[in-house]
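Q: My questions all concern the structure below.
The values are calculated or read from the model by the stated rules, or taken from the named source; none is laboratory data. Everything numeric in this text was worked out from a predicted model, so none of it was measured. Cβ sites come from the backbone with ideal geometry, for glycine too, and all protein chains shown count toward neighbours.
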């Protein structure tokens with residue numbers, strides 16, 4: 001962890017980070033006790049700044065809010081990856097340029113295709129009409145995922161994943177409204193992944209990756225390393 | 001030393017406890033509790049949203065979105081990670097900033113525009129200081145160096161990133177980061193925000 005990252009708590013609590021810094025910091029602070037405590041404290045301070053400029057909303061707003069919540073379903077209580085997701089959701093969506101993302105996916109897939117025969121599956125998921133592309137943000141490397149509901153398949157293309165201790169792997173999770181659904185542990189070669197396989201059951205709100213034993217886990221046992229919203 | 005800690009310390013703790021139990025009830029689908037929470041926090045939410053967005057109509061829209069979001073995600077509120085007030089203010093400020101930035105992203109900003117924005121935002125910063133109706137926070141802000149205060153206010157009330165703060169103040173990015181950080185640390189210490197979190 002660069003020491004610089006440890007100093008971003010104030011700007012983060014004021015929502016003053018650039019999008020890429022925000023993503024890096026969100027990958028970092030929940031796992032760092034000092035930074036997590038700092039963010040909590042800075043947020044309390046920011047709330048004081050908010051209270052200092054208090055202004056009454058229009059009087060009819062409350063009725064509108066009450067009417068809307070009457071027809072708004074609440075989320076299920078948190079599991080830890082979902083909690084992270086909720087935090088990220090509140091940040092608003094980091095919108096990568098879709099064209100650039102597609103170019104990157106295709107480029108990565110094409111590069112990997114040359115070396116790995118599993119690439120053809122990746123290609124067909126990417127080519128599916130209903131393919132949804134998701135950029136999973138994390139600290140190191142690039143993880144891109146394509147999900148096709150029609151084909152019931154998901155493709156993962158990644159590079160630059162840090163090497164893990166033996167016996168551990170990167171496991172993919174589907175995150176939906178009810179919780180977390182396990183997918184498989186990704187086959188990694190020199191930090192790269194290019195694989196297509198059956199998608200787990202569920203309509204994803206997001207996809208996440210944690211480090212788990214190679215046999216896979218039924219629920220995440222470590223913090224989320226990569227996450228991206230659909 | 002916490003010279004500016006709220007005088008009514010015990011009463012404040014009661015209020016905070018109250019807000020926690022309200023949010024926990026909201027998380028269980030209690031609309032009555034939500035109504036009370038709205039009454040307690042609506043002026044804080046609308047105030048910060050209006051400060052960042054400035055357009056009253058858009059601000060009202062965002063304030064409504066914020067409260068619906070609070071309702072939606074209340075089951076996920078974790079009292080160990082912060083007070084309800086801080087949780088709600090974070091959501092409100094972020095929504096406001098997202099609204100402003102998504103609009104700005106759709107425009108190309110010429111340097112001439114940026115120049116106008118400097119003047120504009122600097123005025124806002126002063127106006128905010130003048131208008132601060134919570135003496136304690138006003139006092140704390142005045143205890144910052146002018147440079148720190150300007151950077152913190154541009155970031156929070158102006159909804160600017162630290163890079164924009166650097167551009168607007170014509171200082172290096174590293175300097176902007178340092179001013180924001182030092183300013184917020186000083187505010188935190190002066191305001192005596194809960195250290196038991």
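Residue-wise test of (1) crowded, with 22+ Cβ neighbours inside 10 Å; (2) at the interface with chain A (Cβ under 7 Å from one of its Cβ atoms); (3) out of contact with any helix residue (DSSP H, G or I) (no Cβ under 8 Å at 6 or more places or on another chain); (4) part of a helix (DSSP H, G or I).
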site	(1), (2), (3), (4)
B:36	no, no, no, yes
B:40	no, no, no, yes
B:43	no, yes, yes, yes
B:46	yes, yes, no, yes
B:52	yes, no, no, yes
B:60	no, yes, no, yes
B:63	yes, yes, no, yes
B:66	yes, no, no, yes
B:71	yes, yes, no, yes
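Q: Is it true that residue A:45 is surrounded by 20 or more Cβ atoms within 10 Å (Cβ to Cβ) and either at pLDDT 95 or above or within 9 Å of chain B (Cβ to nearest Cβ) (or both)?
A: yes
Q: Mind checking whether some residue in the stretch A:192-201 is in the same structural domain as residue A:130 (by TED's automatic domain parsing) and under 23 Å from residue A:20 (Cα atoms)?
A: yes
Q: Only residues that are outside any loop (DSSP other than H, G, I, E, B) and surrounded by fewer than 16 Cβ atoms within 10 Å (Cβ to Cβ): list them for the stretch A:170-199, please.
A: A:189, A:198
Q: Condition test on residue A:5, is it buried (at least 17 other Cβ atoms within 10 Å of the Cβ) and either more than 9 Å from chain B (Cβ to nearest Cβ) or touching a strand residue (DSSP E or B) at 6+ places or on another chain (Cβ under 9 Å) (or both)?
A: The answer is yes for residue A:5.
Q: Can you tell me which residue within the stretch B:169-182, out of those that are more than 8 Å from chain A (Cβ to nearest Cβ) and touching a residue at least 12 places away in the same chain (Cβ under 8 Å), is farthest from the chain's Cα centre (by Cα)?
A: B:169
Q: Another question about this same structure. Kindly list, by first and then second residue, each pair from a residue in the stretch A:132-150 that is outside the structural domain of residue A:203 (by TED's automatic domain parsing) and buried (at least 22 other Cβ atoms within 10 Å of the Cβ) to a residue that is in a strand (DSSP E or B) and at pLDDT 85 or above, limited to pairs with Cβ atoms under 9 Å and residues at least 6 apart or on different chains.
A: none
Q: Okay, next question. Test each condition in (1) at pLDDT 90 or above; (2) assigned to a loop (DSSP other than H, G, I, E, B); (3) within 8 Å of chain B (Cβ to nearest Cβ); (4) surrounded by fewer than 19 Cβ atoms within 10 Å (Cβ to Cβ) for residue A:68 and report the one that comes out false.
A: Going through the list (1) at pLDDT 90 or above; (2) assigned to a loop (DSSP other than H, G, I, E, B); (3) within 8 Å of chain B (Cβ to nearest Cβ); (4) surrounded by fewer than 19 Cβ atoms within 10 Å (Cβ to Cβ), residue A:68 breaks only (2).
Q: Of all residues in the stretch B:153-167, how many are buried (at least 23 other Cβ atoms within 10 Å of the Cβ) and more than 9 Å from chain A (Cβ to nearest Cβ)?
A: Residues meeting the conditions: 1.
Q: Right, another one. Inspect the stretch A:20-28 for any residue being within 23 Å of residue B:51 (Cα to Cα), touching a residue at least 24 places away in the same chain (Cβ under 8 Å) and at the interface with chain B (Cβ under 8 Å from one of its Cβ atoms) and give the result as yes or no.
A: Scanning the stretch A:20-28, I find no residue that is within 23 Å of residue B:51 (Cα to Cα), touching a residue at least 24 places away in the same chain (Cβ under 8 Å) and at the interface with chain B (Cβ under 8 Å from one of its Cβ atoms), so the answer is no.
Q: Of (1) crowded, with 19+ Cβ neighbours inside 10 Å; (2) at pLDDT 95 or above; (3) at the interface with chain A (Cβ under 7 Å from one of its Cβ atoms), residue B:84 satisfies all except one. Which?
A: Status for residue B:84: all satisfied but (3).
Q: Looking at the stretch A:164-183, which of its residues are more than 15 Å from residue A:225 (Cα to Cα) and touching a residue at least 40 places away in the same chain (Cβ under 8 Å)?
A: Across the stretch A:164-183, the qualifying residues are A:167, A:177, A:178, A:179.
Q: Condition (residue is buried (at least 18 other Cβ atoms within 10 Å of the Cβ) and in contact with a strand residue (DSSP E or B) (Cβ under 6 Å, 6 or more places away or on another chain)) applied to the stretch A:215-222: is it met by at least one residue?
A: yes
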